[in-house]
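Student: I am attaching a structure below and will ask some questions about it afterwards.
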Amino acid sequence: MSVEVEKWPLRVPFRITGCTMVDLDVVVVTLEHNGYTGRGEAAGVDYLNDDIPGMVKQIEGLRPAIEAGCDRNALQELLPPGGARNALDCALWDLEAREAGQAVWQIAGLEEPRPLLTTYTLGAETPTTMANGAKAFADAQAIKLKLTGEASDADRVRAVREVRPDVWLGVDANRGFTVEHLQDLLPVLTQARVQLIEQPFAVGTEPEMARLSSPIPIAADESVQSLADIPRLLGRFDTINIKLDKCGGLTEGLAMAREAQRVGLSVMVGNMVGTSLAMAPAFLLGQLCQVVDLDGPILLRDDRPQAAVYQNGRIWCAEDVWGGASAASRYSR
């Protein structure tokens, strides 16, 4: 096992509630066995203090177990949900596929992957800046707007809808709304044909859906981390946003998607920003999802040589990006 930390600059600063990103640090785990190589990437979850040094410490702490042959099922018991487990879990999936001569989607019991419509995310800026950004995403068929709970949220939504009357539109508050702000904003969101409101409220303050009377579905992001959280979301959310860095990898992500669908919640797959190495396992999870938000590499200045393809508003990850059956595929920055 080898563990590396990489820094990937963003194209432009990216603002959400309480945070502006200028670059991205990720942990990359590489596992080698009998001439086969598997890799996994994780950025961690900043609001859970799941930072790079902590992730590296967790991963290194499992070096004896991993190098002794720990598999994905055992890993679930050795680490809690989070970025460290995600990097290891995805590396184990990748290695297993290459050793077995099968693609990950086959091992996971999924149908053969298809290109997926993905959102393109606009950071919270002035209405004019966001409208210009929406126009610049000319290929986008779905756009997600970061909102902050500020009075300008309404103008942000109107400005983007005016220049892009054709796209699916969602908004993401990153816990920045009060109930009153959302209620005041709902007429604007409805008129703009917004189709999803993501994480409007702080974790632990989510009101019952009946109190909100929202005609627009509401998705949980920060309010759902892992499979164990799903039961308490019923009656409060319509959709869950699964991110592999939150839940600890593709193994848990698949279990969450299947359980959410069983209990009547729709499913969204998101990302904490990342290269195509992080998007590829999430792309497979996206095959089970109704909403896909996998635009992470678009926000970066550069990507890996084996990269996801973004075309006509869709994402496609070939097997040479991650999770393919060929032992010959190697990764490099």
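Student: Suppose every Lys and Arg Cβ carries +1 and every Asp and Glu Cβ carries -1, with no other charges. What dipole size does the chain come out with about its Cα centre, to the nearest 20 debye?
Tutor: It comes to approximately 560 debye.
Student: What is the extension gain from Val188 to Met21, computed as 0.36 nm multiplied by their sequence separation minus the C-alpha to C-alpha distance, in nm to one decimal?
Tutor: 57.3 nm
Student: Calculate the spin-label point distance for Met209 paired with Arg232, positioning each point 7 Å from the Cα along the beta-carbon direction, and give it in nanometres.
Tutor: 1.9 nm
Student: Give the separation of the Cα centroids, region 1-34 to region 84-109, in Å.
Tutor: 21 Å
Student: Which loop-located GluC sites (Glu not before Pro) does region 82-172 contain, where loop means any DSSP state but H, G, I, E or B and the Cβ has at most 10 other Cβ atoms within 10 Å?
Tutor: Glu111
Student: Name the aspartates and glutamates eligible as straight-distance cross-link partners of Lys7: C-alpha to C-alpha under 13 Å, and not fewer than 8 places from it in the same chain.
Tutor: Partners within reach: Asp23, Asp25, Glu41, Asp302, Asp303.
Student: Please identify the helices of the chain, taking whole runs of DSSP H, that span at least 15 Å along their own axis as judged from the Cα atoms and have a mean Kyte-Doolittle score of -0.5 or higher.
Tutor: Answer set is 83-100, 179-191, 250-262.
Student: Would you tally the net charge around Trp168, using a Cβ to Cβ cut-off of less than 15 Å, leaving Trp168 out, and scoring K and R as +1, D and E as -1?
Tutor: Within the 15 Å Cβ shell, the charges total -1.
Student: Quick one: Val292, Val22, fewest Cβ neighbours within 10 Å first, how do they rank?
Tutor: Result, fewest neighbours first: Val22, Val292.
Student: Check cross-link reach from Lys146 to the lysines: straight Cα distance under 22 Å, and skip same-chain residues fewer than eight apart.
Tutor: Once the sequence-local lysines are set aside, what remains near Lys146 is Lys135, Lys243, Lys246.
Student: Expected output is a single nm value to one decimal: the length gained when fully extending between Ala255 and Gln141, i.e. 0.36 nm times separation in residues minus the C-alpha distance. What is it?
Tutor: Computed gain between Ala255 and Gln141 is 38.2 nm.
Each value in this text was obtained by applying a stated rule to the coordinates, not by laboratory testing. From a predicted model like this one, the values you see are computed outputs, not experimental measurements. Heads up, the Cβs are rebuilt from the backbone with ideal geometry, glycines too, and the neighbour counts pull from every protein chain shown.
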